[in-house]
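What follows is a short report on a single structure.
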There are 2 protein chains.
Amino acid sequence: MVQNQPRPRGRPRSYDPAVALDQARAAFWNTGYAATSLDDLSAATGLNRPSLYGAFGDKKALYLKALEKSRAETTAALAAAMAPDEHLRAALTRVYEAAAGLYMRGDLGPRGCFLIGTAVTEAVDDPEIRAVLAAALSEIDAAFEARIRRAMEVGNLPLSTDAAGMAKVATAVMNAMAVRARAGGDLASLRAMGAAVVDLICGRAGR
Amino acid sequence: MVQNQPRPRGRPRSYDPAVALDQARAAFWNTGYAATSLDDLSAATGLNRPSLYGAFGDKKALYLKALEKSRAETTAALAAAMAPDEHLRAALTRVYEAAAGLYMRGDLGPRGCFLIGTAVTEAVDDPEIRAVLAAALSEIDAAFEARIRRAMEVGNLPLSTDAAGMAKVATAVMNAMAVRARAGGDLASLRAMGAAVVDLICGRAGR
DNA sequence: CTTATTTTGTATCGAATGGTATGCAAGTCA
DNA sequence: TGACTTGCATACCATTCGATACAAAATAAG
């Protein structure tokens, strides 16, 4: 928290840039990057076009800010969820339950994960978007892999486990849950998918 | 093959609609539905706009035809790949190897699966696209599940196996491979992901 | 040949797009 | 108070968008 910051010189802005960014992201989230117009973004944020440009730059820059925010939030949330010392099964279950719940939210309908739902389409043609998406995926992989290695050290998983491969599968299920949410899948189906991969990773007996 | 069909009345069309549909799909595949303009489609197919309309209807109808074709091809290919009587491990390995190879192709760069790469973004706002995507996913699930059940009957998997859940995980990895391809992942990484889930499903020993 | 029928190419339509110039409003600083 | 600085709102710009009207071209039928 920055305190006692001297009031800037000119007219104060009438909105909170962080809030506006979230609102813009919500608009992108529903309809994707290409199909979301500046008018849509203006309506979603309450800012008119010139203010949007002043605050975030052009449409692409605004989208990249939203994308980067999602990447950071996802990585942070995942790290936090996997931190506690408990059984791997408990950690993974909590992660997938949380993901399923988050992915089913959305004003217009369940909209999954922002990265999967919007960046994947743009990634082929746009190197910047592709780079952020790749970074996010690799960070998610790393978080799962680190947690799996911890479980191996503690003896919850055999030492012969292919931690990297298993982590990729764990990430895959998270990504696929986001896909299913956008495809209209119900919460129970998402949860079942999470439970199934937890059983595969931790062994079904471990219940 | 329909033979001896009487030549239709008016001026013959100078293109093959099936080829044109594939070319249009290739354009959508790269940049997604919203970002692909009619000019792009016209350039990709060699048809001018009026001919596109005559052959396929408006942009949305053209996209839906491409989407439906992808759904049908995917389902058919999957059914064929899983038909032979062999070990589950062999069948799954072949499926993932084939998927990885297909997903890494693309004129502009690896572009994954058409359904995942283009329909997921549109699905929230468009019920028709969402329905095709949901149908495709559920058909893929069903194909995996049927194959897993066969393996259970033959004794390749324990009878206590959660076939439906396992099938969802199998689908998830296929979907995630498509995501990774668009995100710039290399072929080896895709193959590793496939191998990892095969090990998880069939047991690592079964090599 | 003429006529009927269908496709193709050009040219264009109105609307929506991303982006911006300009003047007014709301503050701080001296 | 008055100069200065910054954000806001209206109006506008050129371009691109999806879609179509219309006439020339190509073929079969009569």
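The values are calculated or read from the model by the stated rules, or taken from the named source; none is laboratory data. The structure presented is a predicted model; accordingly, all values stated were derived computationally and were not measured. Using ideal geometry, Cβ is built from the backbone for each residue, glycine included, and neighbour counts are taken over all protein chains shown. These accessible areas exclude ligands, DNA and RNA; they are computed on the full protein's heavy atoms, side chains included. Shrake-Rupley method; radii C 1.70, N 1.55, O 1.52, S 1.80 Å.
Distances between copies at A:Thr75, taken between label points 7 Å from Cα along the C-beta direction, are 4.1 nm in increasing order. Measuring with a 1.4 angstrom probe and ignoring ligands and nucleic acids, B:Met104 comes out at about 50 Å² accessible.
A cut-off of 5 Å between modelled amide H atoms, ignoring neighbours fewer than 5 places along the same chain, links B:Leu157 with B:Met152. By the Kirkwood approach, averaging reciprocal distances over each pair of separate Cα atoms, region B:79-172 gets a hydrodynamic radius of 14.7 Å. B:Leu159 label point (Cα plus 7 Å toward Cβ) to equivalent points in the other copies: 3.8 nm, shortest first.
One Cα centroid belongs to region A:121-175, the other to region A:92-120; the line between them spans 17 Å. Ligands, DNA and RNA aside, A:Glu73 has an accessible area near 90 Å² when probed at 1.4 Å. Using a cut-off of 28 Å between alpha-carbon atoms, which lysines can reach A:Lys59, once sequence neighbours fewer than 8 places away in the same chain are excluded? Filter leaves A:Lys69, B:Lys59, B:Lys60.
Based on C-alpha pairs under 8 angstrom that are at least 6 apart in sequence, chain A has a relative contact order of 21 percent. In chain A, the portion of solvent-accessible area held by carbon and sulfur atoms comes to 55 percent [1.4 Å probe, whole percent, DNA, RNA and ligands not counted].
Each chain gives up part of its surface: B and A jointly bury about 3600 Å² of accessible area, both sides summed, for a 1.4 Å probe. Helix screen, chain A: DSSP H segments with Cα axial length of 20 Å or more and mean Kyte-Doolittle hydropathy at least -0.5 are A:17-35, A:59-82, A:88-103, A:127-154, A:163-182, A:187-202. A point 7 Å from Cα along Cα→Cβ stands in for B:Ser14, and the other copies hold the same point at 5.8 nm, listed in rising order.
Computed from Cα atoms alone, the Kirkwood hydrodynamic radius reported for region B:147-207 is 12.5 Å.
Expressed as a fraction of 2.2 N^0.38 Å, the C-alpha radius of gyration for chain B is 1.17.
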